[in-house]
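> My structure is below; once you've seen it, I'll send some questions.
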Amino acid sequence: MKKFIIAATAVVFLLMAGYYAYYHEGFYLRLGESDEVTSFMSTDADTIYMTRDGERAPFEIRGVNLGMSIPGEWATDYAIDGDTYTRWFAQIQAMGANTIRVYTILQDDFYDAFYAYNSAREAAGEEPLWLLQGVWVNDYMVYSHRDAFDEEILDTFLEDCRTMVDVIHGNRSFELGRGLGSGSYREDVSPWVIGYILGTDWEPGFIVYTNEQNAGASWQGTYLTTTDDATPFEAMLAQVGDETIAYESQRYSSQRLLAFANSASTDPFVYPVAVAEYCDKYACLNVEHIQATDAFLAGQFASYHAYSYTPNYLRVMEEAAQYSLDELHERFDITDYEVAAHRLSEIDAPHIEDWLPQDLFAENEDDDDSQVADTYAPYLEVLNRYHEMPVVIAEYGIPTGRGISQLGTDGEVDSGHFSESEQGDYLIDCYDDIIAAGSAGSCLSSWQDEWHKRTWNTLYAIDRDRSVYWSDYQTSGQFFGLLAFDPGEEESVCSVDGQPDEWSAADIVHETEELTLSLKYDEKFIYLYAQGEDLDAAETPLYIPIDLTPNSGSTHSEDPALDFERACDFLIVIDGEDDSRVLVQERYEALMSTYGMEYYLRDAYVNTPEADSPTFKPIYMAVTLQDVVPSEDKRTPSGEKAETGALHYGNADPAAEDYDSLADFCFSDDGVEIRIPWQLLNFSDPSQMLIHDDYYSCYGVENLQIEALYIGLATDSAQPIALSEVQLEGWGNDVTWHERLKPAYSALKAHWTEEGGQPCTVRS
């Protein structure tokens with residue numbers, strides 16, 4: 001009996017150890033000859049093919065990037081459940097897309113839902129949804145180690161790739177803590193996985209440092225090899241790709257398409273020195289230096305993140321071309337210019353000028369209808385002409401946020417402040433440009449808005465540890481999605497449509513003999529409703545002063561000439577459809593405190609505005625911090641800014657025929673409805689009612705919690721404007737939200753399907 005117990009225990013132990021080794025560590029023992037390796041995907045010079053039922057046909061990747069977050073949760077929380085994924089899969093496919101792309105290994109709920117969805121579709125004789133699986137590299141390791149051959153970086157990258165292969169084949173288990181999803185992966189989704197994209201938006205310094213530290217590195221593998229022109233960084237990628245293919249070939253007898261993430265900032269080309277200096281373009285990643293052997297059946301494609309607005313290389317080239325080399329030397333800091341030139345001289349790479357149409361800029365000069373994509377098509381054409389493998393634009397998109405993060409060299413908006421209707425038009429234009437250029441596919445970015453996303457020119461103004469708990473309409477990066485997350489469990493608290501049915505007497509916070517002011521708020525806006533029995537708000541200027549902080553503010557405004565009973569920080573002026581704006585008291589202007597030199601040639605911490613300054617200024621946001629080519633007049637500010645305090649008139653009700661997602665206010669029969677994004681009033685975290693404290697006491701942005709604001713309303717300056725107290729209470733981590741498909745979804749569906757029918761699966 002004792003021997004039996006010992007033997008049984010040993011068997012159980014061995015089984016448990018085997019289970020752990022197989023599913024948790026990816027261990028496997030190859031016995032004998034493996035099955036013949038197969039692939040249902042393949043490529044030639046410019047086309048991706050799919051083989052189904054013995055028929056090989058061209059396949060266009062018509063994809064959508066699927067983000068990882070929902071409101072109130074960080075991307076790394078992996079909080080999206082299987083039911084939500086299933087609903088989204090159906091919506092995505094109904095739109096006419098045939099592929100989704102994910103950036104990294106998600107939680108097991110995603111793959112379980114994907115398996116069930118596709119199994120049901122195929123059982124019903126319908127087209128499945130395909131998957132492009134990504135593996136990213138931890139940002140912390142990249143920025144802390146700087147060398148891609150560092151054991152911690154390379155070993156983790158390789159291990160994550162092997163884990164990815166096991167996950168899609170349903171043979172892995174792991175827990176949280178690796179920066180990936182977690183769970184028990186038992187569903188084999190490999191029949192619907194068409195390929196892998198390895199890596200992320202590589203930081204140029206990471207590439208340059210790796211190349212400097214590993215001179216002469218190369219890779220000669222079974223499936224991928226490097227050419228003599230390959231850089232050490234490209235050799236690292238070849239090694240990772242080769243070992244990933246080898247692992248899947250040997251363990252699962254199958255292969256898939258493979259690509260390495262790339263973007264315009266690390267594309268294969270060398271640009272003129274002025275462009276390199278302005279855009280920090282000093283690194284190249286050329287996947288043509290990584291060659292597939294005959295043993296790699298599936299093949300490679302070149303993957304690019306290529307947005308129509310970034311980088312501004314071609315537009316910068318256009319502006320820099322106006323100057324001679326001598327003029328550029330004079331205007332640039334000579335040391336910086338020489339450093340940039342030296343960097344470029346060390347890169348043995350094709351020059352973009354040799355690949356662009358010679359008359360590109362001449363044509364643009366005469367184009368009165370120039371739009372955001374006027375240099376986009378030529379850039380895409382260059383990528384496709386240069387590469388001898390299929391090109392897939394794995395990210396493109398247009399944000400619908402209120403904020404602006406970039407201007408073109410012609411002064412037009414490149415990124416941000418596009419309406420949801422404009423988003424659809426631009427996405428269609430970009431998609432058509434991508435396909436017309438000869439690309440084998442594309443993935444628009446993204447499916448859903450993501451509250452956690454950040455934008456460079458608003459990052460300083462928010463509490464970045466709390467961004468998932470409110471929707472910051474000033475941060476354009478949060479609004480690339482086709483699916484919006486609007487506050488409210490079923491609907492928003494206010495539509496701002498000139499039909500104030502949602503307002504009640506309980507919302508009134510301030511009254512005079514002639515006027516009333518109502519206020520409410522949610523996770524995205526402060527809403528105001530100013531009304532009067534005989535008020536014609538379209539013809540009568542309205543003044544709404546607001547006092548937020550006890551540490552600054554003025555009881556008097558010079559322009560417009562007004563007096564207030566309390567020291568105010570902001571002044572909302574409603575003056576017709578075209579001249580309404582929010583003004584900020586000079587001391588409380590965020591742009592001055594952060595970018596004083598770039599925009600005012602003034603160090604605000606040396607020339608500090610008075611705490612009670614009567615100057616109320618337009619509110620601007622940073623757009624560019626320097627000129628493409630420095631001005632000869634050193635007294636001219638180098639940065640460009642946009643007036644974000646200017647209020648846009650329109651109907652903000654998504655259900656209205658004249659819906660304008662950018663609308664800030666709308667007149668009603670007896671007044672006006674207004675919505676103001678929290679950040680525009682210097683809230684850094686409205687979920688906890690945190691505002692900016694006095695910049696000049698704290699030397700920058702520090703949080704100050706408030707429990708109330710004071711607000712008033714007047715139509716003239718006959719007497720000091722009274723203000724009433726409004727109690728404020730944050731919502732903490734308890735956010736409310738509901739889903740809403742943007743107009744761009746319907747526009748793309750109409751473009752991608754025939755009368756709402758089935759999506760196109762193959763290239764025509």
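Values quoted throughout were computed directly from the atomic coordinates according to the rules given, and no laboratory measurement underlies them. Treat the numbers as computed from the prediction; the structure is a model and nothing was measured. As a convention, Cβ positions derive from the backbone with ideal geometry for all residues, glycine included, and neighbour counts pool all protein chains shown.
> For a distance above 44 Å, tell me the whole-number percent of Cα pairs in the chain that qualify.
Roughly 32 percent, rounded to a whole number.
> Compute the helix-to-body angle for 376-386: its Cα long axis versus the longest principal axis of the chain, expressed 0 to 90° and rounded to tens.
20
> Related question: Measure off 7 Å from each Cα along the Cα-to-Cβ vector at residue 669 and residue 706, then give the distance between these two points in nanometres to one decimal.
Here the modelled spin labels are 3.5 nm apart.
> Quick one: net charge around residue 95, please, counting Lys, Arg +1 and Asp, Glu -1 for every other residue with C-beta under 12 Å from its C-beta.
Combined, the nearby Lys, Arg, Asp and Glu give +3.
> Now for a separate question. With +1 on each Lys and Arg Cβ and -1 on each Asp and Glu Cβ, how big is the dipole of the stretch 494-736 about its Cα centre, in debye rounded to the nearest 20?
1180
> Taking Cα centroids, how far is the stretch 60-119 from the stretch 503-533 in Å?
41
> Using a 10 Å cut-off on Cβ atoms, rank the peptides 263-272, 290-299 from the highest mean neighbour count down.
263-272, 290-299
> Excluding residues on the same chain fewer than 8 positions from residue 524, give the aspartates and glutamates whose Cα lies under 12 Å from its Cα.
Once the sequence-local aspartates and glutamates are set aside, what remains near residue 524 is 472, 486, 685.
> So in the chain, what percent of DSSP beta bridges are antiparallel if you round to the nearest 5?
Antiparallel bridges: around 70 percent, rounded to the nearest 5.
> For the stretch 392-402, take each phi angle, set θ = phi - 60°, evaluate the Karplus expression 6.51 cos²θ - 1.76 cosθ + 1.60, and give the result in whole Hz per residue in order, putting x for glycine and proline.
For the stretch 392-402, the Karplus curve yields 10, 8, 7, 8, 8, x, 9, x, 10, x, 6 Hz.
> Shifting gears a bit: Compute the Kirkwood hydrodynamic radius of the stretch 383-492, taking the inverse of the mean of 1/r over all pairs of distinct Cα atoms, and give it in Å to one decimal.
Taking the inverse mean of 1/r over all distinct Cα pairs, the stretch 383-492 comes out at 15.4 Å.
> Putting +1 on Lys and Arg Cβ atoms and -1 on Asp and Glu Cβ atoms, find which of 544, 709, 506 reaches farthest to the positive end of the dipole of the stretch 494-736.
709
> Among 144, 241, 525, whose Cα projects farthest towards the positive end of the dipole of the chain, with charges put on the beta-carbon of Lys, Arg (+1) and Asp, Glu (-1)?
Among 144, 241, 525, the one farthest towards the positive end of the dipole of the chain is 241.
> Moving on to the next point. Could you tell me which of 305, 390, 157 has its Cα farthest along the dipole of the chain towards the positive end, charges placed at Cβ (Lys, Arg +1; Asp, Glu -1), taken about the Cα centre?
157
> Which whole-Hz ³J(HN,Hα) couplings does the stretch 280-288 yield from phi under the Karplus relation 6.51 cos²θ - 1.76 cosθ + 1.60, θ = phi - 60°, glycine and proline marked x?
My calculation for the stretch 280-288 gives 6, 9, 9, 9, 10, 10, 10, 6, 5 Hz in order.
> What angle, in degrees between 0 and 90 and rounded to the nearest 10, separates the Cα long axis of helix 420-436 from the longest principal axis of the Cα atoms of the chain?
30
> Using the per-residue mean of other Cβ atoms lying within 10 Å as a proxy for protection, in what order, highest first, do the peptides 727-737, 712-722 fall?
712-722, 727-737
> Let me ask something else. What is the helix-to-structure angle for 2-19, meaning the angle in degrees between its Cα long axis and the longest Cα principal axis of the chain, kept from 0 to 90 and rounded to the nearest 10?
Rounded to the nearest ten degrees, it is 60.
> What does the helix-only formula give at 222 nm for the chain: each DSSP H stretch with n ≥ 4 adding -39500 (n - 2.57), the total divided by the residues, and the result rounded to the nearest 500 deg cm²/dmol?
Taken over the chain, the calculation gives -8000 deg cm²/dmol.
> In whole Å, how far is the Cα centre of the stretch 256-293 from that of the stretch 205-228?
Taking the Cα centre of the stretch 205-228 as reference, the centre of the stretch 256-293 is 14 Å away.
> Another question, then. So how strong a dipole does the chain carry about its Cα centre when Lys and Arg Cβ are +1 and Asp and Glu Cβ are -1, to the nearest 20 debye?
Taking the Cα centre of the chain as origin, the dipole is about 3820 debye.
> Over 24 Å between Cα atoms: which of 281/742; 617/742; 617/641; 453/749 fall into that group?
Beyond 24 Å: 281/742; 617/742; 453/749.
> Arrange the peptides 497-508, 145-156 so that the one whose residues have, on average, the most other Cβ atoms within 10 Å appears first.
Ranked from most to least packed, the peptides come out as 145-156, 497-508.
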